[in-house]
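Trainee: I'd like to ask you about the structure that follows.
The values are calculated or read from the model by the stated rules, or taken from the named source; none is laboratory data. Just so you know, these numbers come straight off a predicted model, no measurement behind them. So basically every Cβ, Gly included, is an ideal-geometry build from the backbone, and we count neighbours across all protein chains shown. Keep in mind that these areas ignore ligands, DNA and RNA; they rest on the heavy atoms of the full protein, side chains included. Shrake-Rupley method; radii C 1.70, N 1.55, O 1.52, S 1.80 Å.
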Amino acid sequence: MRIGITCHASTGGSGVLATELGLALAERGNIVHFVTEDAPFRLSGYHRNIFSHYTSSVSYPLFRIPPYTLALATKIAEVAEEYDIEVWHAHYAIPNAAAALFAREMLPENRRFCLITTLHGTDITLVGSDPSFFRMTQFSMQKSCAVTAVSHWLREETLREFQLACPVHTIHNFVDAERFIPSAEKRCNFARNGEKIVMHVSNFRPVKRVTDVVRVFKRILEHVPARLIMVGEGPERISAAGVAKQLGIADRITWLGNSPNMEDILPCADLIIHPSEHESFGLVPLEAMACEVPVVATASGGITEVIEQGVTGYLCEVGDIESMAYCSVQVLSSEAKARELGHNARLRAVSLFSRDRIVSQYEALYREILEQHRDAQKRQADLKRDVHV
Ligand code: GMT
């Protein structure tokens with residue numbers, strides 16, 4: 001198939017998933033064109049069947065904010081027409097699905113692609129439900145040929161919040177379990193003098209509750225010698241660093257910044273802490289699970305579909321620092337417990353969220369809507385011919 005993908009190029013999970021999906025589709029022989037504002041975070045180097053196109057941004061004194069969405073729509077239309085794209089996959093409703101819809105309208109009727117919109121989380125829970133975007137998000141979903149959500153929880157939230165007339169399919173996120181693998185040697189990369197490695201990975205937005213990570217870590221240190229590795233960048237980094245200073249543990253934390261090769265970093269951890277306010281899926285926990293790293297997270301949203309309580313990790317209430325610290329200490333102070341959780345975690349990641357399994361679900365959906373789309377186009381052409389006869 002000839003497939004177009006639009007996603008956010010930044011470090012967030014939606015862009016990561018879209019990139020991994022594009023790479024997997026290309027490996028299966030599909031032709032994949034990315035249209036983004038910049039190179040997607042995890043897409044580097046040459047890959048067979050992958051083509052990249054960037055939007056050009058125009059700054060003009062009249063524009064206080066450059067109209068990026070219009071530039072994106074224009075680029076999508078150009079690429080779709082030039083490469084005869086059959087399916088366009090927009091990741092994150094705003095502005096990607098809206099721009100793709102606009103692009104589709106610009107194309108001649110017989111060259112229009114099928115649009116699939118994948119909802120990732122905050123495009124529904126924060127951005128899309130904001131009154132300034134609500135109608136546009138709802139319209140974009142309703143006019144897509146298919147809408148998918150990355151968890152059952154997000155699907156339910158979407159149907160409840162937007163009262164949609166169209167179905168929303170759940171297709172979970174996936175992990176490449178051949179790339180994300182456990183590695184005993186890598187665990188030593190950050191540890192000094194027998195320290196355990198506690199890690200947090202995110203884009204440090206308020207929804208990730210990064211200061212909770214630091215508070216949990218402070219309590220862990222009362223029981224286990226450990227080092228906290230913070231991976232990522234974002235607005236809450238300053239607050240988290242401030243809390244660490246106040247608690248007197250700044251020297252026990254290493255700030256790594258952003259890194260695209262998480263397969264080399266996650267296996268270094270003995271434990272991941274993921275205390276989000278809500279999480280529609282939790283791609284980082286899944287990638288950690290594939291590396292046999294247990295996760296302590298919050299029972300908030302779709303992450304409960306990823307982590308099995310007490311079997312592959314632990315789920316605590318949002319903001320419950322004591323419980324998160326207690327569970328963390330259980331994992332870090334018992335090799336046997338950590339091994340058991342890690343083993344179960346990888347098994348679950350491989351059996352339920354493998355790349356092959358999930359990419360096949362996307363391909364099947366593409367084929368299904370493409371067939372419906374072609375039937376509809378044919379019916380329309382027949383109708384026009386009949387009218388002219
Ligand atoms: O940051 C992003 O680009 C997307 C981000 C978000 O806030 O929507 O992450 C979401 O998408 C990921 C990939 O599907 C999920 O694994 C994350 O759980 C989800 N984040 C939230 O729901 C907070």
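Trainee: Only one residue in Val216, Val201, Val284, Val224 is surrounded by 24 or more Cβ atoms within 10 Å (Cβ to Cβ), away from the ligand (no atom under 14 Å from the Cβ) and closer than 27 Å to His343 by Cβ, so which one is that?
Mentor: Checking each option against the conditions leaves just Val216.
Trainee: Are there any pairs with C-beta distances below 7 angstrom linking a residue in region 356-370 that is in the same structural domain as Ala146 (by TED's automatic domain parsing) to a residue that is assigned to a helix (DSSP H, G or I), with the two at least 6 apart or on different chains, and if so which?
Mentor: Sorted first by the residue in region 356-370, then by its partner, the pairs are Val359/Leu21; Val359/Ala24; Val359/Leu25; Tyr362/Leu21.
Trainee: Still on this structure, please answer the following. Keeping to region 3-48, report how many residues are without any contact (Cβ under 8 Å) to a residue 24 or more places away in the chain and farther than 16 Å from Val359 by Cα.
Mentor: Residues flagged as without any contact (Cβ under 8 Å) to a residue 24 or more places away in the chain and farther than 16 Å from Val359 by Cα within region 3-48 amount to 3.
Trainee: Same structure, new question: Can you run down the residue pairs with Cβ atoms below 7 Å, 6 or more apart or on separate chains, where the first is in region 193-206 and free of Cβ contacts under 8 Å to residues at least 40 places away in the same chain and the partner is part of a loop (DSSP other than H, G, I, E, B) and open to solvent by less than 70 Å² (accessible area, probe 1.4 Å)?
Mentor: From region 193-206, the pairs are Phe204/Gly232; Phe204/Gly234; Phe204/Glu236; Arg205/Gly234; Arg205/Glu236.
Trainee: If you don't mind, there's one more thing I want to ask. Name the pairs: first residue in region 154-182 and more than 19 Å from Leu283 (Cβ to Cβ) and small (Gly, Ala, Ser), second residue open to solvent by 50 Å² or more (accessible area, probe 1.4 Å) and in a helix (DSSP H, G or I), Cβ to Cβ under 9 Å, at least 6 apart or on different chains?
Mentor: Ala165/Gln142
Trainee: Among (1) more than 21 Å from Gly121 (Cα to Cα); (2) acidic (Asp, Glu); (3) in contact with a strand residue (DSSP E or B) (Cβ under 6 Å, 6 or more places away or on another chain), where does Glu233 come up short?
Mentor: With (1) more than 21 Å from Gly121 (Cα to Cα); (2) acidic (Asp, Glu); (3) in contact with a strand residue (DSSP E or B) (Cβ under 6 Å, 6 or more places away or on another chain) applied to Glu233, the lone miss is (1).
Trainee: Just need a number here: residues in region 35-53 that are within 10 Å of Ala9 (Cα to Cα) and not β-branched (Val, Ile, Thr).
Mentor: 7
Trainee: Shifting gears a bit: So is Val207 closer than 26 Å to Thr19 by Cβ and in a helix (DSSP H, G or I) or not?
Mentor: The answer is yes for Val207.
Trainee: Please pick out the residue among Glu292, Glu308, Glu322 that is open to solvent by 40 Å² or more (accessible area, probe 1.4 Å), at pLDDT 95 or above and touching a Gly at 6+ places or on another chain (Cβ under 8 Å).
Mentor: Answer to the check: Glu292.
Trainee: Restricting attention to region 10-46, report how many residues are surrounded by fewer than 20 Cβ atoms within 10 Å (Cβ to Cβ), in contact with a strand residue (DSSP E or B) (Cβ under 9 Å, 6 or more places away or on another chain) and modelled with pLDDT under 95.
Mentor: Count: 3.
Trainee: Here is a further query. Only residues that are over 21 Å from Glu317 (Cβ atoms) and either surrounded by 22 or more Cβ atoms within 10 Å (Cβ to Cβ) or free of Cβ contacts under 8 Å to residues at least 24 places away in the same chain (or both): list them for region 233-266, please.
Mentor: Of everything in region 233-266, those that are over 21 Å from Glu317 (Cβ atoms) and either surrounded by 22 or more Cβ atoms within 10 Å (Cβ to Cβ) or free of Cβ contacts under 8 Å to residues at least 24 places away in the same chain (or both) turn out to be Ile238, Ala241, Gly242, Ala244, Lys245, Gln246, Gly248, Ala250, Asp251, Asn261, Leu266.
Condition check ((1) within 21 Å of Ala226 (Cα to Cα); (2) in contact with a strand residue (DSSP E or B) (Cβ under 9 Å, 6 or more places away or on another chain); (3) assigned to a helix (DSSP H, G or I)) across all residues:
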{"site": "Tyr326", "(1), (2), (3)": "yes, yes, yes"}
{"site": "Glu340", "(1), (2), (3)": "yes, no, yes"}
{"site": "Leu347", "(1), (2), (3)": "no, no, yes"}
{"site": "Asp356", "(1), (2), (3)": "no, no, yes"}
{"site": "His373", "(1), (2), (3)": "no, yes, yes"}
{"site": "Ala381", "(1), (2), (3)": "no, no, yes"}
{"site": "Arg385", "(1), (2), (3)": "no, no, yes"}
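Trainee: Still on this structure, please answer the following. I'm told Arg237 meets every condition in (1) within 30 Å of Asp356 (Cβ to Cβ); (2) within 16 Å of the ligand (Cβ to nearest atom) except one. Can you identify the failing condition by its number?
Mentor: Unmet condition: (1).
Trainee: Out of the residues in region 138-155 that are under 18 Å from the mean Cα position of the chain (by Cα) and in a helix (DSSP H, G or I), state the one that is surrounded by the fewest Cβ atoms within 10 Å (Cβ to Cβ).
Mentor: Of everything passing the filter in region 138-155, His152 is surrounded by the fewest Cβ atoms within 10 Å (Cβ to Cβ).
Trainee: Further question: Across region 186-204, what is the number of residues that are closer than 26 Å to Ala18 by Cα and assigned to a strand (DSSP E or B)?
Mentor: 3
Trainee: Which condition number in (1) closer than 30 Å to Arg252 by Cα; (2) of a type in the set (Ser, Thr, Tyr); (3) in a helix (DSSP H, G or I) is the one that Ser183 fails?
Mentor: (3) is the only condition that Ser183 fails.
Trainee: Could you list, in sequence order, all residues of region 328-348 that are open to solvent by less than 50 Å² (accessible area, probe 1.4 Å), more than 26 Å from the chain's Cα centre (by Cα) and without any contact (Cβ under 8 Å) to a residue 40 or more places away in the chain?
Mentor: Ser334
Trainee: Which residues, counting only those in region 118-133, are closer than 23 Å to Trp88 by Cβ and surrounded by fewer than 23 Cβ atoms within 10 Å (Cβ to Cβ)?
Mentor: Passing the criteria: Thr122, Val127, Phe133.
Trainee: Let me ask another. So which of Arg237, Arg227, Arg209 is modelled with pLDDT of 95 or more and on the phi > 0 side of the Ramachandran plot?
Mentor: Result: Arg209 is the single residue among Arg237, Arg227, Arg209 that is modelled with pLDDT of 95 or more and on the phi > 0 side of the Ramachandran plot.
Trainee: What tally of residues in region 257-281 results from selecting those that are of a type in the set (Gly, Ala, Ser) and within 12 Å of the ligand (Cβ to nearest atom)?
Mentor: Total satisfying the criteria: 2.
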